[in-house]
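Q: Could you have a look at this structure, given as C-alpha cells, before my questions?
The values are calculated or read from the model by the stated rules, or taken from the named source; none is laboratory data. Predicted model, so just to flag it, every value in this text is computed and none were measured. Positions of Cβ are backbone-derived with ideal geometry, glycine not excepted, and every protein chain shown enters the neighbour counts. Please note that ligands, DNA and RNA were not included when accessible areas were found on the heavy atoms of the full protein model with its side chains. Shrake-Rupley method; radii C 1.70, N 1.55, O 1.52, S 1.80 Å.
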Amino acid sequence: MRRDPVPHTLDAAAVRDWCRLSLAALGQAREEIDALNVYPVPDGDTGTNLFLTVESAAQQVEAQFSVGAAHGDDPSLESVLRAMAHGALLGARGNSGVILSQLLRGIAASVGAGPCDAPALRRALRRAADAGYEAVAVPVEGTVLTVAAAAADAVEGLPQAAGLSVVAEAAFEAAGAALALTPQQLDVLGRAGVVDAGGRGLVAVLGALADAVSGQSPMGPLALATPVTTPRVVVLPAAAQRPHVGEEPEGPAYEVIYLLDAEDEAVPQLRARLGGLGDSLVVSGGDGLWNVHVHVDDAGAAVEAGIEAGRPYRIRITHFAGAAADQSAGHPTHTGELSPTRAVVSIVQGEGLAGLCQECGATVLSADPDRAPSSAEIAAVIRVAHAREVVLLLNDAELRAAAGVAADQLRDEGVRVAVIPTRSPVQGLAALAVHEPARRFDEDVVAMTTAAGATRYAELAVAEGESWTMAGVCQAGDVLGLIDGDVAVIGPAAEMVTTASTVLDRMLAAGGEMVTLIVGEDAAPGLADALVAHLRRTNPVVDAVVYEGGQGAAPLVVGVE
C-alpha cells in the first residue's frame, strides 16, 4: 500500500507503479490483443508490439530510479514522465506502439514539472488525445485514437471537485465503453466481430493508471511481498471477443519503421513524402528525435525519405505476406545451423546459483536484482544456446510475460521453446535434476514441470517501508517470510534466524523429505548452519542441502520436496 491511501497528486513513484502495472496487464492480455489485430493489417502482433513498447518505457523509468539511488535522492516527476515517454518512443513497435508513445509524450509535455493533481491529469489526457491525432497522417475513428479521445472527453465532464483517483477511474471506464463501440465505427472490425486491438491495449494501460493512483497498487514499498499477478480484467461484449482467423493482408506489402534524428522543420515534408508512398503513416516524437511508421510497397523509398530528412536508424522492414507465410508454414528464420541437441536456459540471480545451474548443464541468464530482464535479453540467451529445442526456466513469476514474447520470437525462427513457469530458483533446480535429453521433448518438459510443481518454496525478504501484509503490518527493516509468494511471518531485523526457522517449521508441517537452502549475500552470519541444526532437532529424518547462491534480492530461499 502507498503511504497515502488516496494520493492527491501523481508522483514519480506512482508513475513507476503505472509502468510496472501496464507491463503486467499487457503481458496478461498480449495473446488476446494479438488475436484482435485485424486493422490496419491482420498480422496478429499488436499485443506483442504494445508490450515491447511499454517494456522499453519501463526500463527507462527504472534507469531514472537507479540514477537517483546512486545520488541518494528520488527522481522528479518530470524526469520520470519524460523517461517513460522517451523509452516508449525508442522502443515503439508497430502502428499502435508508435501512437501509444505519442500519447505518453503528450502526457509528459502537459504535466511538465508538475504537480500532477486531478485538474492536471484532465489536461494531460486531453493533450495526449490531441497529440495522438496529430501524429497520424489520416486519423481513423474506431481505433485507439477514438478510445483516447473518449477518455479525455469523459474526465472533462466530471465535477471540478473530483479527485485524482476518480479522474483516472473515469478515464478507464470511458475508454472501455468506447472500445466496445469500435466494431460499429470501423467496418473491418464489425465484419471480424472484434474490437480494435490498439484500443484494447490502451484500455489496459489506463486501467493500470487507475490502479497506480488508487492507493491500492501492489507495487508500493513492498513489491517483493505483494507481486503483481492479477491485473484488472476488461470485460467485452461476447461478439467482440472472437479472435480473427486467417485473413490475408490487404494494401501495401511492407511495414517500415525507424528512429530518425531530424530537425523539427524537416518533418512536415517527410510526412508529405511518406503519405504519397503508402498509408498507416504515424510520425511521433519531437525535439530532434522521431519514430516513423508507414506501410508501403516501396520500402527503399520510405527509407530514402528518412535519409533526406535526417539520419534514420534502427530500421525494421517487415514483408507482411512473407512473414505470415513463414509463420503459418513454420519456416525457420534463425541464422546459422541449429544444433539438434536440447538446451535448458535458466534465469537466476547470484553467481553461486548461476554456477550451480551451469554445472547442471544449463545455459544461464544472470538477472540483475534491481531490473527484470527484458524479452530481448531472454531471446538473446535462447539464441546463445543454439539448440533446436529449448526448455526455459523462469524462476520468477513476474517474467512470464517477457518470456512469452521471447519464446514467440524464437518459435518464428524455427526453435521449439517450452516455458516452464517456475516461480523460484529451488523449483528450477528441481526441474534441472530430472532433465533427461534422451527423452522425447514433450516427455522431458512434463517431467521437469512435475518436479518443479512438487517443490514448495519460500524466501526471506527485507521490508523497504511500512506496509500491510497478509501477516499484519510490517515496518521498514523487518524480515518477512514469504511462503509460496505470500507473507506468512514477520520478524524483527535482528532475528532473521528465528524468522527463517518459523518459516521452515510451517512448510514442513505439511510434510517433506528434503529441504534445499539457498543462502543470499545479505543473509545473517551462520544462518544456514543454524537452520540445519534446527532441522536435526525438530525433523531428523529430513535431508538438507545448502548452496551459497549469492543472490541479492532474498537473504534466503527455501525449497521443500
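Q: Please give, to one decimal in nm, the separation of the simple spin-label points placed at residue 495 and residue 301, each 7 Å out from Cα toward the Cβ.
A: 7.6
Q: Given Cα pairs under 8 Å that are at least 6 residues apart, what percent is the relative contact order of the chain?
A: For the chain, the relative contact order is 12 percent.
Q: If you roll a 1.4 angstrom probe over the protein chains with everything in place, what fraction of the accessible area of the chain belongs to carbon and sulfur, to the nearest %?
A: Carbon and sulfur: 52 percent of the exposed surface of the chain.
Q: Given R₀ = 22 Å, FRET efficiency for residue 539-residue 466 by Cβ-Cβ distance, to 0.05?
A: The computed FRET efficiency comes out at 0.05.
Q: Return the loop-located trypsin sites (Lys or Arg not before Pro) in segment 433-491 (DSSP other than H, G, I, E, B) with at most 15 other Cβ atoms within 10 Å of their own Cβ; answer none if there are none.
A: Sparse-neighbourhood loop trypsin sites (Lys or Arg not before Pro): 439, 440.
Q: Principal axis extents for segment 449-544, Cα atoms only, whole Å, descending order, please.
A: 38, 31, 23
Q: Same structure, new question: Using a Förster radius of 45 Å, what is the FRET efficiency between residue 475 and residue 366 based on their Cβ-Cβ separation? Nearest 0.05, please.
A: According to the calculation, E is roughly 0.90.
Q: Go through 113-120, 51-58 and give me the packing order, highest mean Cβ count within 10 Å leading.
A: 51-58, 113-120
Q: Between segment 506-561 and segment 22-42, what is the separation of their alpha carbon centroids in Å?
A: 42
Q: Treating each Cα of segment 37-148 as an identical point scatterer and ignoring solvent, apply the Debye formula and state log10 I(q)/I(0) at q = 0.09, 0.13, 0.22 Å⁻¹.
A: Ignoring solvent entirely, the Cα scatterers give -0.26, -0.52, -1.18.
Q: Magnitude of the Cβ-charge dipole of segment 345-488, K/R +1 and D/E -1, about the Cα centre, nearest 20 debye?
A: Around 500 debye, computed over segment 345-488.
Q: Mind listing the Cα extents of the chain along all three principal axes, in Å, largest one first?
A: Dimensions of the chain along the principal axes of its Cα atoms: 79, 61, 46 Å.
Q: Taking the chain as the reference, fit the longest principal axis to its C-alpha atoms, fit the long axis of helix 320-329 to the helix C-alpha atoms, and give the angle between the two in degrees, 0 to 90, nearest 10.
A: 40
Q: Find how much the distance from residue 311 to residue 71 grows on full extension, using 0.36 nm per residue of separation minus their present alpha carbon separation; answer in nm with one decimal.
A: 83.0 nm
Q: Between residue 113 and residue 9, what is the label-point separation in nm under the 7 Å Cα-to-beta-carbon projection?
A: In this crude label model, residue 9 to residue 113 measures out at 1.2 nm.
Q: Put +1 on the Cβ of each Lys and Arg and -1 on the Cβ of each Asp and Glu in the chain; which of 447, 476, 510 then has its Cα farthest toward the positive end of the dipole?
A: The one lying farthest along the dipole's positive direction is 510.
Q: Please give the FRET efficiency for residue 434 paired with residue 266, using the beta carbon to beta carbon distance and R0 = 51 Å, rounded to the nearest 0.05.
A: It comes out at approximately 0.25.
Q: List the GluC sites (Glu not before Pro) within segment 335-419 that fall in a DSSP loop (any state other than H, G, I, E or B) and whose Cβ has at most 13 other Cβ atoms within 10 Å.
A: The qualifying sites are 337.
Q: List the residues of segment 81-100 whose backbone N lies under 14 Å from a point placed 7 Å from the Cα of residue 289 along the Cα-to-Cβ direction.
A: 81-92
Q: How big is the charge dipole of the chain about its Cα centre, in debye rounded to the nearest 20, if each Lys and Arg gets +1 on its Cβ and each Asp and Glu gets -1 on its Cβ?
A: Around 520 debye, computed over the chain.
Q: Compute the acute angle (0 to 90°) between the alpha-carbon long axis of helix 267-277 and the principal axis of greatest extent of the alpha-carbon atoms of the chain; round to the nearest 10°.
A: Around 80 degrees separate the two axes.
Q: Given segment 378-464, what whole percent of its Cα pairs are spread farther than 23 Å?
A: 24
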